[in-house]
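What follows is a set of notes on a single structure, which appears directly below.
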Amino acid sequence: MVLQLVYGAVTTVIPIKYWPHALVISTTLAVIYAYVQGRQTTRERDLHARVILLTGPFTPLGLVTLTALAKRGAHIIALSPYSLSHPIPSLLLPLIRSTTNNENIYAEQCDLNSPTSIRKFCTTFLTGQETRLDALVFAHEYPSIGRIWFFGGKARHDKEEREQAQRETSSLASFLLTTLLLPALLVAPVERDIRIVHVINPFYAAALPTFPAFLNSTAASPPLSQPLIISEGLRALRAVVLSRHLQRILDSLPNRAADPKSKSQLSTEPHPSNILSVAACPGISRRDTVAPFLGANENGWSLAYLVLLLPLFLLTKTSGAALQTLLHVLFLPTPFKRAQAKVDAAADEERKAEEERVASAEASKVELEGDEEQPRRTGTVEVLKPGALYRECAVVPLDVPRPPAPVVDEKNRKGTAKKSKDDAPETALEDDEDYGGEAVGRAVWEWYEARLKTWEALDAARVKAAGETTAQEKTEAATGTEETSVAEMQDEQAASEPTVSAQTP
(Lines give C-alpha, C1' and ligand atoms only; values in the text may rest on other atoms or scores of the structure.)
Protein backbone atom coordinates (compact mmCIF):
# COMPACT_ATOMS: atom_id res chain seq x y z
CA MET A 1 0.00 0.00 0.00
CA VAL A 2 2.78 2.38 0.95
CA LEU A 3 4.76 1.58 -2.20
CA GLN A 4 1.69 2.20 -4.34
CA LEU A 5 1.20 5.61 -2.74
CA VAL A 6 4.85 6.52 -3.27
CA TYR A 7 4.74 5.29 -6.87
CA GLY A 8 1.59 7.29 -7.54
CA ALA A 9 3.07 10.44 -6.03
CA VAL A 10 6.32 10.09 -8.01
CA THR A 11 4.56 9.43 -11.31
CA THR A 12 2.29 12.40 -10.68
CA VAL A 13 5.25 14.74 -10.24
CA ILE A 14 7.53 13.11 -12.85
CA PRO A 15 5.78 10.99 -15.51
CA ILE A 16 7.42 7.73 -16.50
CA LYS A 17 8.50 9.02 -19.91
CA TYR A 18 10.65 11.69 -18.18
CA TRP A 19 12.42 9.28 -15.85
CA PRO A 20 15.53 8.89 -18.11
CA HIS A 21 15.86 12.66 -18.27
CA ALA A 22 15.58 12.92 -14.49
CA LEU A 23 18.20 10.20 -14.07
CA VAL A 24 20.65 12.01 -16.38
CA ILE A 25 20.09 15.34 -14.65
CA SER A 26 20.48 13.89 -11.15
CA THR A 27 23.64 12.02 -12.17
CA THR A 28 25.10 15.20 -13.69
CA LEU A 29 24.36 17.20 -10.55
CA ALA A 30 25.91 14.50 -8.37
CA VAL A 31 29.07 14.48 -10.50
CA ILE A 32 29.31 18.28 -10.39
CA TYR A 33 28.85 18.30 -6.61
CA ALA A 34 31.49 15.62 -6.10
CA TYR A 35 33.93 17.46 -8.37
CA VAL A 36 33.40 20.79 -6.62
CA GLN A 37 34.09 19.26 -3.21
CA GLY A 38 37.65 18.55 -4.36
CA ARG A 39 40.18 15.92 -3.40
CA GLN A 40 40.40 14.30 -0.03
CA THR A 41 43.67 13.63 1.69
CA THR A 42 44.86 10.04 1.76
CA ARG A 43 47.25 10.67 4.64
CA GLU A 44 46.66 10.11 8.33
CA ARG A 45 48.69 10.99 11.41
CA ASP A 46 48.57 10.38 15.13
CA LEU A 47 48.71 13.79 16.83
CA HIS A 48 48.90 12.67 20.45
CA ALA A 49 51.28 14.86 22.49
CA ARG A 50 51.50 17.35 19.58
CA VAL A 51 50.82 20.96 20.60
CA ILE A 52 49.05 23.00 17.91
CA LEU A 53 48.31 26.72 18.15
CA LEU A 54 45.15 27.59 16.20
CA THR A 55 43.87 31.06 15.36
CA GLY A 56 40.32 31.72 14.20
CA PRO A 57 38.98 28.64 16.01
CA PHE A 58 35.34 29.78 15.97
CA THR A 59 35.02 30.42 12.24
CA PRO A 60 33.30 27.65 10.21
CA LEU A 61 36.64 26.28 9.01
CA GLY A 62 38.18 26.79 12.45
CA LEU A 63 35.50 24.70 14.14
CA VAL A 64 35.92 21.72 11.82
CA THR A 65 39.71 22.05 12.13
CA LEU A 66 39.45 22.12 15.91
CA THR A 67 37.26 19.03 15.90
CA ALA A 68 39.40 17.09 13.41
CA LEU A 69 42.62 17.77 15.32
CA ALA A 70 41.00 16.96 18.66
CA LYS A 71 39.79 13.59 17.32
CA ARG A 72 43.40 12.70 16.53
CA GLY A 73 44.55 13.50 20.06
CA ALA A 74 46.24 16.85 19.51
CA HIS A 75 46.89 19.26 22.35
CA ILE A 76 45.21 22.43 21.03
CA ILE A 77 45.63 26.04 22.13
CA ALA A 78 42.84 28.06 20.53
CA LEU A 79 43.25 31.83 20.43
CA SER A 80 39.80 33.23 21.14
CA PRO A 81 38.82 36.79 20.21
CA TYR A 82 36.15 36.56 22.92
CA SER A 83 36.61 36.51 26.65
CA LEU A 84 36.65 33.04 28.16
CA SER A 85 33.32 33.73 29.88
CA HIS A 86 31.65 34.50 26.54
CA PRO A 87 28.98 31.97 25.52
CA ILE A 88 30.83 30.88 22.37
CA PRO A 89 34.03 29.48 23.96
CA SER A 90 32.38 28.53 27.23
CA LEU A 91 29.78 26.38 25.46
CA LEU A 92 31.59 25.07 22.37
CA LEU A 93 34.85 23.93 23.95
CA PRO A 94 33.25 21.61 26.57
CA LEU A 95 31.07 20.19 23.82
CA ILE A 96 34.08 19.45 21.60
CA ARG A 97 35.96 17.93 24.55
CA SER A 98 33.10 15.54 25.27
CA THR A 99 32.43 14.54 21.64
CA THR A 100 36.12 13.93 20.81
CA ASN A 101 37.11 12.43 24.21
CA ASN A 102 40.01 14.89 24.32
CA GLU A 103 40.44 17.07 27.38
CA ASN A 104 43.56 18.79 26.05
CA ILE A 105 41.67 21.60 24.33
CA TYR A 106 42.28 25.02 25.82
CA ALA A 107 41.38 28.57 24.87
CA GLU A 108 43.37 31.71 25.49
CA GLN A 109 41.95 35.16 24.93
CA CYS A 110 43.97 37.05 22.34
CA ASP A 111 42.59 39.89 20.26
CA LEU A 112 44.34 39.60 16.90
CA ASN A 113 43.30 43.19 16.09
CA SER A 114 45.56 44.49 18.85
CA PRO A 115 49.36 44.03 18.89
CA THR A 116 49.29 44.76 22.62
CA SER A 117 47.06 41.73 23.19
CA ILE A 118 49.25 39.57 20.93
CA ARG A 119 52.43 40.56 22.76
CA LYS A 120 50.75 39.90 26.10
CA PHE A 121 49.77 36.38 25.07
CA CYS A 122 53.22 35.57 23.62
CA THR A 123 54.96 36.88 26.74
CA THR A 124 52.72 34.76 28.97
CA PHE A 125 53.27 31.68 26.82
CA LEU A 126 57.05 32.03 26.49
CA THR A 127 57.53 32.62 30.21
CA GLY A 128 55.45 29.59 31.17
CA GLN A 129 56.71 26.17 32.09
CA GLU A 130 55.58 24.43 28.88
CA THR A 131 56.60 26.19 25.65
CA ARG A 132 56.40 23.31 23.21
CA LEU A 133 54.80 24.04 19.83
CA ASP A 134 54.52 21.57 16.98
CA ALA A 135 52.40 23.64 14.60
CA LEU A 136 51.08 27.15 14.10
CA VAL A 137 47.86 27.23 12.05
CA PHE A 138 46.72 30.72 11.05
CA ALA A 139 43.12 29.94 10.11
CA HIS A 140 41.89 33.48 10.79
CA GLU A 141 43.30 34.61 7.42
CA TYR A 142 40.94 32.41 5.40
CA PRO A 143 37.46 33.99 5.84
CA SER A 144 36.66 36.69 3.30
CA ILE A 145 36.66 40.32 4.37
CA GLY A 146 34.25 42.70 2.68
CA ARG A 147 30.77 42.77 1.29
CA ILE A 148 29.61 43.39 -2.24
CA TRP A 149 28.36 46.98 -2.36
CA PHE A 150 26.07 48.16 -5.11
CA PHE A 151 26.10 51.86 -4.23
CA GLY A 152 28.77 54.52 -4.50
CA GLY A 153 29.63 57.71 -2.73
CA LYS A 154 31.38 58.42 0.53
CA ALA A 155 29.77 55.45 2.29
CA ARG A 156 31.41 53.03 -0.11
CA HIS A 157 34.77 54.77 0.19
CA ASP A 158 34.68 54.61 3.99
CA LYS A 159 33.63 50.96 3.84
CA GLU A 160 36.56 50.06 1.56
CA GLU A 161 39.02 51.84 3.87
CA ARG A 162 37.75 49.91 6.89
CA GLU A 163 37.94 46.61 5.03
CA GLN A 164 41.46 47.35 3.78
CA ALA A 165 42.60 48.14 7.32
CA GLN A 166 41.03 44.89 8.50
CA ARG A 167 42.89 42.91 5.81
CA GLU A 168 46.22 44.43 6.80
CA THR A 169 45.50 43.75 10.47
CA SER A 170 44.78 40.10 9.72
CA SER A 171 48.07 39.70 7.84
CA LEU A 172 50.14 41.62 10.39
CA ALA A 173 48.74 39.52 13.25
CA SER A 174 50.16 36.35 11.69
CA PHE A 175 53.50 38.04 11.06
CA LEU A 176 53.74 39.33 14.62
CA LEU A 177 52.79 35.97 16.15
CA THR A 178 55.37 34.19 14.01
CA THR A 179 58.23 36.54 14.90
CA LEU A 180 57.39 36.52 18.62
CA LEU A 181 57.05 32.73 18.90
CA LEU A 182 60.01 31.93 16.63
CA PRO A 183 62.56 31.81 19.51
CA ALA A 184 60.59 28.95 21.11
CA LEU A 185 60.56 27.09 17.80
CA LEU A 186 64.29 27.53 17.13
CA VAL A 187 65.37 26.02 20.47
CA ALA A 188 63.23 22.92 19.92
CA PRO A 189 65.05 19.60 19.30
CA VAL A 190 66.16 19.10 15.72
CA GLU A 191 64.35 15.75 15.56
CA ARG A 192 60.99 17.47 16.01
CA ASP A 193 59.27 18.66 12.83
CA ILE A 194 57.44 21.96 13.28
CA ARG A 195 55.00 23.45 10.78
CA ILE A 196 53.79 27.00 10.21
CA VAL A 197 50.66 26.98 8.05
CA HIS A 198 49.05 30.09 6.53
CA VAL A 199 45.47 29.30 5.48
CA ILE A 200 44.64 31.69 2.60
CA ASN A 201 41.64 32.52 0.45
CA PRO A 202 41.44 31.22 -3.16
CA PHE A 203 41.75 34.59 -4.95
CA TYR A 204 45.55 34.85 -5.01
CA ALA A 205 45.72 34.47 -8.80
CA ALA A 206 43.54 37.57 -9.29
CA ALA A 207 46.25 39.75 -7.72
CA LEU A 208 49.12 38.60 -9.96
CA PRO A 209 48.73 41.41 -12.57
CA THR A 210 48.69 44.13 -9.90
CA PHE A 211 51.38 42.63 -7.65
CA PRO A 212 54.30 44.63 -9.16
CA ALA A 213 52.47 47.86 -8.29
CA PHE A 214 52.18 46.63 -4.71
CA LEU A 215 55.90 45.83 -4.60
CA ASN A 216 56.77 49.33 -5.84
CA SER A 217 54.64 50.97 -3.14
CA THR A 218 56.13 52.16 0.14
CA ALA A 219 54.86 52.10 3.69
CA ALA A 220 53.78 55.74 3.38
CA SER A 221 51.89 55.10 0.15
CA PRO A 222 48.10 55.28 0.51
CA PRO A 223 46.29 52.00 -0.15
CA LEU A 224 45.12 51.61 -3.73
CA SER A 225 41.41 51.44 -4.44
CA GLN A 226 40.91 48.02 -6.04
CA PRO A 227 37.99 45.65 -6.62
CA LEU A 228 37.02 43.38 -3.79
CA ILE A 229 38.36 40.16 -5.35
CA ILE A 230 41.74 41.73 -6.16
CA SER A 231 42.09 43.14 -2.65
CA GLU A 232 41.37 39.72 -1.20
CA GLY A 233 43.79 38.10 -3.65
CA LEU A 234 46.54 40.53 -2.72
CA ARG A 235 46.17 39.56 0.92
CA ALA A 236 46.48 35.87 0.01
CA LEU A 237 49.43 36.40 -2.36
CA ARG A 238 51.31 38.34 0.31
CA ALA A 239 50.94 35.39 2.67
CA VAL A 240 52.21 32.96 0.01
CA VAL A 241 55.34 35.01 -0.68
CA LEU A 242 55.91 35.61 3.04
CA SER A 243 55.66 31.89 3.76
CA ARG A 244 58.27 31.07 1.09
CA HIS A 245 60.66 33.79 2.24
CA LEU A 246 60.31 32.68 5.86
CA GLN A 247 61.41 29.22 4.75
CA ARG A 248 64.52 30.72 3.11
CA ILE A 249 65.38 32.47 6.36
CA LEU A 250 64.84 29.33 8.42
CA ASP A 251 67.01 27.24 6.09
CA SER A 252 69.82 29.79 6.36
CA LEU A 253 69.91 29.70 10.16
CA PRO A 254 72.44 27.43 11.94
CA ASN A 255 69.78 25.27 13.56
CA ARG A 256 71.68 22.00 13.29
CA ALA A 257 74.11 20.62 15.84
CA ALA A 258 77.72 20.37 14.78
CA ASP A 259 79.07 17.05 13.58
CA PRO A 260 81.20 15.56 16.41
CA LYS A 261 83.61 14.00 13.87
CA SER A 262 84.21 17.36 12.23
CA LYS A 263 87.06 19.57 13.39
CA SER A 264 85.08 22.78 12.90
CA GLN A 265 82.31 23.71 15.26
CA LEU A 266 79.85 24.68 12.51
CA SER A 267 79.29 22.73 9.34
CA THR A 268 79.58 24.66 6.07
CA GLU A 269 77.12 22.38 4.29
CA PRO A 270 73.53 23.68 4.02
CA HIS A 271 71.04 21.88 6.22
CA PRO A 272 67.30 22.23 5.71
CA SER A 273 65.43 23.46 8.75
CA ASN A 274 63.17 21.22 10.78
CA ILE A 275 60.68 24.15 10.80
CA LEU A 276 58.56 24.13 7.64
CA SER A 277 56.49 27.10 6.52
CA VAL A 278 53.75 26.42 3.95
CA ALA A 279 50.57 28.05 2.64
CA ALA A 280 47.34 26.08 2.27
CA CYS A 281 44.35 27.16 0.19
CA PRO A 282 41.16 25.22 1.06
CA GLY A 283 39.31 26.50 -2.01
CA ILE A 284 35.95 28.27 -2.30
CA SER A 285 33.95 27.51 0.82
CA ARG A 286 30.29 28.36 1.13
CA ARG A 287 30.38 29.72 4.69
CA ASP A 288 33.87 31.26 4.81
CA THR A 289 34.34 32.55 1.25
CA VAL A 290 30.98 33.38 -0.32
CA ALA A 291 28.73 34.11 2.66
CA PRO A 292 30.69 37.20 3.86
CA PHE A 293 30.52 38.67 0.34
CA LEU A 294 26.72 38.40 0.50
CA GLY A 295 26.44 39.85 4.00
CA ALA A 296 25.77 36.58 5.84
CA ASN A 297 27.81 36.22 9.01
CA GLU A 298 27.47 35.06 12.59
CA ASN A 299 25.18 38.00 13.32
CA GLY A 300 22.53 36.98 10.81
CA TRP A 301 21.59 36.01 7.27
CA SER A 302 21.02 38.09 4.16
CA LEU A 303 18.35 37.90 1.49
CA ALA A 304 20.92 37.45 -1.29
CA TYR A 305 22.46 34.46 0.47
CA LEU A 306 19.08 32.82 0.98
CA VAL A 307 18.12 33.33 -2.68
CA LEU A 308 21.41 31.83 -3.92
CA LEU A 309 21.56 29.04 -1.34
CA LEU A 310 20.72 26.18 -3.74
CA PRO A 311 23.30 27.14 -6.43
CA LEU A 312 25.88 27.75 -3.70
CA PHE A 313 25.12 24.35 -2.19
CA LEU A 314 25.97 22.75 -5.52
CA LEU A 315 28.94 24.89 -6.63
CA THR A 316 30.83 25.60 -3.40
CA LYS A 317 32.59 23.49 -0.80
CA THR A 318 31.41 22.56 2.63
CA SER A 319 33.71 23.36 5.54
CA GLY A 320 34.56 19.67 5.87
CA ALA A 321 35.63 19.44 2.22
CA ALA A 322 37.64 22.65 2.51
CA LEU A 323 39.49 21.17 5.49
CA GLN A 324 41.16 18.42 3.43
CA THR A 325 44.06 20.51 2.10
CA LEU A 326 44.86 21.81 5.58
CA LEU A 327 44.89 18.28 6.98
CA HIS A 328 47.07 17.18 4.06
CA VAL A 329 49.86 19.64 4.88
CA LEU A 330 49.63 18.71 8.57
CA PHE A 331 49.75 14.95 7.91
CA LEU A 332 52.42 14.73 5.19
CA PRO A 333 55.83 13.56 6.40
CA THR A 334 58.59 16.13 6.25
CA PRO A 335 61.71 15.54 4.11
CA PHE A 336 63.86 15.21 7.23
CA LYS A 337 61.57 12.59 8.77
CA ARG A 338 61.34 10.69 5.49
CA ALA A 339 65.14 10.61 5.07
CA GLN A 340 65.56 9.46 8.66
CA ALA A 341 62.96 6.72 8.12
CA LYS A 342 64.80 5.51 5.00
CA VAL A 343 68.11 5.37 6.86
CA ASP A 344 66.53 3.47 9.76
CA ALA A 345 64.80 1.02 7.39
CA ALA A 346 68.03 0.39 5.49
CA ALA A 347 69.93 -0.15 8.74
CA ASP A 348 67.28 -2.58 9.98
CA GLU A 349 67.37 -4.54 6.72
CA GLU A 350 71.16 -4.73 6.77
CA ARG A 351 71.04 -5.95 10.36
CA LYS A 352 68.46 -8.62 9.51
CA ALA A 353 70.46 -9.74 6.48
CA GLU A 354 73.59 -10.02 8.58
CA GLU A 355 71.78 -12.09 11.21
CA GLU A 356 70.37 -14.42 8.55
CA ARG A 357 73.79 -14.78 6.95
CA VAL A 358 75.44 -15.67 10.25
CA ALA A 359 72.68 -18.16 11.12
CA SER A 360 72.94 -19.79 7.68
CA ALA A 361 76.73 -20.03 7.96
CA GLU A 362 76.58 -21.66 11.36
CA ALA A 363 73.94 -24.14 10.22
CA SER A 364 75.54 -25.31 6.97
CA LYS A 365 79.20 -24.44 7.57
CA VAL A 366 79.37 -23.81 3.84
CA GLU A 367 80.01 -20.47 2.22
CA LEU A 368 77.61 -19.65 -0.52
CA GLU A 369 79.16 -18.10 -3.59
CA GLY A 370 77.53 -16.25 -6.43
CA ASP A 371 74.55 -15.08 -4.45
CA GLU A 372 74.08 -11.41 -5.16
CA GLU A 373 72.13 -9.30 -2.76
CA GLN A 374 68.95 -8.00 -4.31
CA PRO A 375 68.59 -4.23 -4.23
CA ARG A 376 66.03 -2.91 -1.78
CA ARG A 377 62.97 -1.45 -3.43
CA THR A 378 61.62 1.70 -1.94
CA GLY A 379 58.31 3.18 -2.97
CA THR A 380 57.83 6.83 -3.81
CA VAL A 381 56.26 8.64 -0.87
CA GLU A 382 55.06 12.22 -1.04
CA VAL A 383 56.71 14.56 1.44
CA LEU A 384 55.84 18.10 2.43
CA LYS A 385 57.57 20.67 0.23
CA PRO A 386 58.95 23.52 2.36
CA GLY A 387 57.66 26.97 1.48
CA ALA A 388 55.15 25.69 -1.09
CA LEU A 389 51.52 26.59 -1.76
CA TYR A 390 49.08 23.67 -1.51
CA ARG A 391 45.61 23.50 -3.01
CA GLU A 392 43.48 20.40 -3.55
CA CYS A 393 46.13 18.39 -1.69
CA ALA A 394 48.80 19.21 -4.29
CA VAL A 395 51.58 21.76 -4.80
CA VAL A 396 50.58 24.79 -6.88
CA PRO A 397 53.30 26.27 -9.13
CA LEU A 398 52.79 30.02 -9.16
CA ASP A 399 54.69 32.48 -11.34
CA VAL A 400 54.79 35.63 -9.23
CA PRO A 401 55.85 38.65 -11.33
CA ARG A 402 58.91 40.57 -10.30
CA PRO A 403 59.26 44.35 -10.35
CA PRO A 404 61.38 45.74 -13.20
CA ALA A 405 65.05 45.99 -12.39
CA PRO A 406 66.44 49.54 -12.11
CA VAL A 407 68.35 50.83 -15.13
CA VAL A 408 72.08 51.27 -14.43
CA ASP A 409 74.45 53.29 -16.61
CA GLU A 410 77.29 51.46 -18.31
CA LYS A 411 79.86 53.66 -16.59
CA ASN A 412 78.57 52.93 -13.12
CA ARG A 413 77.85 49.25 -13.77
CA LYS A 414 81.32 48.03 -12.76
CA GLY A 415 81.49 50.25 -9.70
CA THR A 416 78.03 49.19 -8.58
CA ALA A 417 78.87 45.51 -9.04
CA LYS A 418 82.10 45.89 -7.06
CA LYS A 419 80.33 47.76 -4.28
CA SER A 420 77.57 45.16 -4.09
CA LYS A 421 80.16 42.41 -3.75
CA ASP A 422 81.95 44.25 -0.98
CA ASP A 423 78.74 45.07 0.89
CA ALA A 424 77.11 41.67 0.41
CA PRO A 425 76.52 39.87 3.71
CA GLU A 426 78.18 36.55 4.31
CA THR A 427 74.84 34.85 4.99
CA ALA A 428 73.02 35.97 1.85
CA LEU A 429 69.87 34.03 1.08
CA GLU A 430 69.94 31.76 -1.91
CA ASP A 431 67.66 32.89 -4.76
CA ASP A 432 65.64 29.81 -5.69
CA GLU A 433 63.26 31.84 -7.90
CA ASP A 434 60.22 30.23 -6.25
CA TYR A 435 57.20 32.55 -6.01
CA GLY A 436 59.11 35.55 -7.29
CA GLY A 437 62.48 34.70 -5.80
CA GLU A 438 64.45 36.22 -2.97
CA ALA A 439 64.02 39.83 -4.13
CA VAL A 440 60.22 39.66 -4.07
CA GLY A 441 60.26 37.83 -0.74
CA ARG A 442 62.54 40.45 0.79
CA ALA A 443 60.31 43.27 -0.50
CA VAL A 444 57.21 41.66 1.02
CA TRP A 445 59.04 41.04 4.30
CA GLU A 446 60.10 44.70 4.48
CA TRP A 447 56.51 45.74 3.78
CA TYR A 448 55.35 43.67 6.74
CA GLU A 449 58.00 45.20 9.00
CA ALA A 450 57.14 48.77 7.99
CA ARG A 451 53.39 48.25 8.37
CA LEU A 452 53.92 46.50 11.70
CA LYS A 453 55.68 49.56 13.14
CA THR A 454 52.80 51.81 12.05
CA TRP A 455 50.22 49.38 13.41
CA GLU A 456 51.94 49.12 16.79
CA ALA A 457 52.30 52.92 17.04
CA LEU A 458 48.58 53.42 16.36
CA ASP A 459 47.66 50.73 18.88
CA ALA A 460 49.95 52.23 21.52
CA ALA A 461 48.28 55.63 21.02
CA ARG A 462 44.86 53.99 21.28
CA VAL A 463 45.79 52.17 24.49
CA LYS A 464 47.22 55.38 25.95
CA ALA A 465 44.07 57.34 25.10
CA ALA A 466 41.90 54.59 26.54
CA GLY A 467 43.98 54.62 29.74
CA GLU A 468 43.70 58.38 30.07
CA THR A 469 39.94 58.21 29.51
CA THR A 470 39.60 55.49 32.14
CA ALA A 471 41.71 57.46 34.63
CA GLN A 472 39.65 60.59 33.98
CA GLU A 473 36.42 58.67 34.51
CA LYS A 474 37.75 57.26 37.77
CA THR A 475 38.79 60.75 38.90
CA GLU A 476 35.40 62.19 38.04
CA ALA A 477 33.70 59.32 39.80
CA ALA A 478 35.85 59.84 42.90
CA THR A 479 35.20 63.60 42.84
CA GLY A 480 31.48 63.03 42.50
CA THR A 481 31.57 60.59 45.40
CA GLU A 482 33.40 63.11 47.58
CA GLU A 483 30.93 65.86 46.72
CA THR A 484 28.04 63.56 47.50
CA SER A 485 29.61 62.63 50.82
CA VAL A 486 30.10 66.31 51.77
CA ALA A 487 26.51 67.12 50.84
CA GLU A 488 25.23 64.19 52.89
CA MET A 489 27.31 65.29 55.88
CA GLN A 490 25.95 68.84 55.65
CA ASP A 491 22.41 67.52 55.50
CA GLU A 492 23.03 65.33 58.54
CA GLN A 493 24.46 68.27 60.50
CA ALA A 494 21.51 70.48 59.58
CA ALA A 495 19.10 67.81 60.67
CA SER A 496 20.86 67.30 64.01
CA GLU A 497 20.84 71.03 65.02
CA PRO A 498 17.97 72.00 67.45
CA THR A 499 15.14 74.03 65.97
CA VAL A 500 14.93 77.56 67.46
CA SER A 501 11.39 78.88 67.60
CA ALA A 502 10.72 82.58 67.61
CA GLN A 503 9.21 83.92 70.89
CA THR A 504 6.88 86.87 70.90
CA PRO A 505 7.52 89.57 73.58
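The values are calculated or read from the model by the stated rules, or taken from the named source; none is laboratory data. Computed from a predicted model, the values in this text were never measured in an experiment. Because the Cβ atoms are built from the backbone with ideal geometry, glycine has one as well, and the counts that use them run over all protein chains shown. For accessibility, only protein heavy atoms count, side chains too; no ligands or nucleic acids. Shrake-Rupley method; radii C 1.70, N 1.55, O 1.52, S 1.80 Å.
Structure above, values below:
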read-out	value
Set Ala184, Ala188, Ala213, Ala206: member being assigned to a loop (DSSP other than H, G, I, E, B), open to solvent by 10 Å² or more (accessible area, probe 1.4 Å) and not β-branched (Val, Ile, Thr)	Ala188
Contacts under 6 angstrom Cβ, first residue in region 170-189 being within 26 Å of Asn201 (Cβ to Cβ) and of a type outside the set (Lys, Arg), partner open to solvent by 20 Å² or more (accessible area, probe 1.4 Å) and not in a helix (DSSP H, G or I), 6 or more apart	Ala173/Leu112
Unique match (being of a type in the set (A, V, I, L, M, F, W, C) and open to solvent by less than 10 Å² (accessible area, probe 1.4 Å)) among Ile284, Ile275	Ile275
Residue in region 316-332 that is at positive phi, of a type in the set (Gly, Ala, Ser) and either at pLDDT 55 or above or open to solvent by less than 70 Å² (accessible area, probe 1.4 Å) (or both) present	no
Only listed residue being more than 25 Å from Ala394 (Cβ to Cβ), open to solvent by less than 40 Å² (accessible area, probe 1.4 Å) and not in a loop (DSSP other than H, G, I, E, B), chosen from Ser117, Ser26	Ser117
Residue selected from region 237-256 under the condition open to solvent by 20 Å² or more (accessible area, probe 1.4 Å) and within 16 Å of Leu185 (Cα to Cα), by the criterion modelled with the highest pLDDT	Ile249
Residue in region 215-235 that is at pLDDT below 80 and farther than 24 Å from Arg162 by Cα present	no
Residues of region 451-474 classified as touching a helix residue (DSSP H, G or I) at 6+ places or on another chain (Cβ under 8 Å) and either at positive phi or of a type in the set (A, V, I, L, M, F, W, C) (or both), total	4
Inter-residue pairs, beta-carbon under 8 Å, first more than 20 Å from Phe138 (Cα to Cα) and free of Cβ contacts under 8 Å to residues at least 60 places away in the same chain and in region 81-110, second assigned to a loop (DSSP other than H, G, I, E, B) and of a type in the set (Gly, Ala, Ser), 6+ apart	Asn102/Gly73; Asn102/Ala74
Within region 120-169, tally of residues that are over 22 Å from Ala296 (Cα atoms), in a helix (DSSP H, G or I) and over 18 Å from the mean Cα position of the chain (by Cα)	6
Among (1) farther than 22 Å from Arg167 by Cβ; (2) in a loop (DSSP other than H, G, I, E, B); (3) in contact with a strand residue (DSSP E or B) (Cβ under 8 Å, 6 or more places away or on another chain) - the single one Leu112 does not satisfy	(1)
